[in-house]
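**Student:** Quick one: the structure is below, and I'll ask about it shortly.
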Amino acid sequence: MEELISIQEAAREFGVKADRLRRAAWEGRLEARQVGNMWMVLPSRVTQFLREGDKRRTKGISAMPTPLRPGEPGSAVEAQGGSKTEMARIIAIAVPKGGTGKTTTTVNLGAALAEAGKRVLLVDFDPQGNLTQSLGFRPADLEHTIYSSLKYFLTRFESQIELAIQKTDEGMDLVPASARLNLANDELAIAIQREFVLEKLLAPVANNYDYILIDTLPYLGVLVVNALVAAKEILIPLQAEYLATESVSLILEQVQLMRRSGLNPQLSITGILLTMVDSRTIINREAVEYARKFFGKDLKVFDTMVKRSVRFAESQANHLSIMQYEPNGESARAYRALAKEVMASHVTSKA
Ligand SMILES: Nc1ncnc2c1ncn2[C@@H]1O[C@H](COP(=O)(O)OP(=O)(O)OP(=O)(O)O)[C@@H](O)[C@H]1O
Ligand SMILES: [Mg+2]
């Protein structure tokens, strides 16, 4: 079996400049893998590249879009302010803290948007697979998941995400996840353009939806960075008592980093959603007031607050959204109100 060699070795062997091969690899004209900060290539691909000339793309990589930076013409971010208004609003539901209501918000905001007639795709991007399970799928039984799509993309540079899309009884679609998504951490670490994989996976289906909501895991890392590159916006669900904690600073710093690094210069914050609010306790009332005062000017705190209710755990156990489980209850009304706020929101946050 043919072995990968470094670009330097290839340059020596084939008597060409390493820079020429490196640039071709970066631009997708020469199939290569990035290992740390080194490019690795198969000698046969170098031969093919040199034989066919710089201008032609290699066969194996032909379907890979030219590496687009967010903001460049044609990139998802460009489409946000450009003419492709039919593209989905892609919102990552994220905060690096466990159990704050990310999955509950993804499923119920999604269901409320679907109820309002929007075309909605939910993406489970958390190896815990809670979103997948809460919609009644058993992750281990699924042949096609976000992980299999990602794996296929890493070897073929083509998105086959449509294979993984499942219809749900809630009028929205789901890309499910299983525990195998854990493997993606290591696999993405050595992948070409590792931060852009989810964006590229979603690109072919983005026109089919009005909203794509990405449920994320509670730790910052390559998976969350992928979600924050693919997304145009981020929505932060949080219990009021955690507002003044490091989790909020961390996610706000991460948003700044995404913008400054150029990974996603236009990333906006849709808002902070206060969840599991217990309006009877003083600590909550103080925290809500604090949040509005502290973030109010720069960062939206949604008017809608979701109160603590046992109905959420019940609806999840029944594999239903709160909209189906108790359509006329206070919890369903809260997520409907949130959906209205999200639909009406013009993203202006500069936080
Ligand atoms: N408003 C609420 N009232 C009461 N319980 C809630 C509410 N929202 C969510 N929960 C419950 O809290 C638990 C955690 O919620 P959820 O799974 O949505 O959090 P998460 O942020 O996705 O967690 P993780 O970080 O592990 O992914 C679940 O059992 C859920 O049913
Ligand atoms: Mg979750």
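**Student:** Answer with one residue from 273, 262, 236: the one whose Cα lies farthest towards the positive end of the charge dipole of the range 221-302, charges on Cβ with Lys, Arg +1 and Asp, Glu -1.
**Tutor:** 262
**Student:** What is the magnitude of the charge dipole of the chain about its Cα centre, with +1 placed on the Cβ of each Lys and Arg, -1 on the Cβ of each Asp and Glu, and no other charges, expressed in debye to the nearest 20?
**Tutor:** Dipole size: approximately 860 debye.
**Student:** Another question, if that's okay. Calculate the length of the line joining the C-alpha centroid of the range 233-300 to that of the range 1-32, in whole Å.
**Tutor:** Measuring centre to centre over Cα atoms gives 45 Å.
**Student:** Calculated from DSSP H runs of 4 or more alone, at -39500 (n - 2.57) each and per residue, what is the 222 nm mean residue ellipticity of the chain, nearest 500?
**Tutor:** Helices in the chain give a 222 nm mean residue ellipticity of -11500 deg cm²/dmol.
**Student:** For the chain, what does the relative contact order come out to in percent, with C-alpha contacts under 8 Å and a separation of six or more?
**Tutor:** 19 percent
**Student:** Scaled to the compact-protein estimate 2.2 N^0.38 Å, what is the alpha-carbon radius of gyration of the chain, rounded to two decimal places?
**Tutor:** For the chain, the normalised Cα radius of gyration is 1.07.
**Student:** May I ask for log10 I(q)/I(0) of the range 106-263 at q = 0.10 Å⁻¹, from a Debye sum over the Cα atoms as equal point scatterers with solvent left out?
**Tutor:** -0.35
**Student:** Let me ask you something else. What GluC sites (Glu not before Pro) does the range 110-185 have in DSSP loop regions with at most 10 other beta carbons within 10 Å?
**Tutor:** 143
**Student:** I would also like to ask the following. Output the pairs from 151/307; 167/232; 232/307; 151/340; 151/232 with a Cα-Cα distance over 31 Å in this structure; if there are none, say none.
**Tutor:** 151/307; 151/340
**Student:** Net charge around residue 172, counting only other residues with Cβ within less than 10 Å of its Cβ (Lys, Arg = +1; Asp, Glu = -1)?
**Tutor:** Counting the neighbours of residue 172, the net charge comes to -1.
**Student:** Carbon and sulfur: what percent of the chain's accessible surface (1.4 Å probe)?
**Tutor:** Carbon and sulfur atoms account for 50 percent of the accessible area of the chain.
**Student:** Suppose each label sits 7 Å from its Cα in the direction of the beta carbon; what would the residue 185-residue 311 distance come out to in nanometres?
**Tutor:** Calculated label separation equals 3.7 nm.
**Student:** While we're looking at this one, here's another question. Enter the per residue convex hull volume of the range 207-246, computed from alpha-carbon coordinates, in Å³ rounded to the nearest integer.
**Tutor:** 98 Å³
**Student:** Let me ask another. Suppose a student asked you for the relative contact order of the range 200-351, using Cα pairs under 8 Å spaced at least 6 residues apart; what percent would you report?
**Tutor:** Here the relative contact order equals 21 percent.
The values are calculated or read from the model by the stated rules, or taken from the named source; none is laboratory data. All of these numbers come straight from a predicted model, not from anything done at the bench. Here the Cβ is made from the backbone with ideal geometry for all residues, glycine too, and neighbour counts use every protein chain on show. Note: accessible area is taken over every heavy atom of the protein model, side chains too, but ligands, DNA and RNA are not part of it. Shrake-Rupley method; radii C 1.70, N 1.55, O 1.52, S 1.80 Å.
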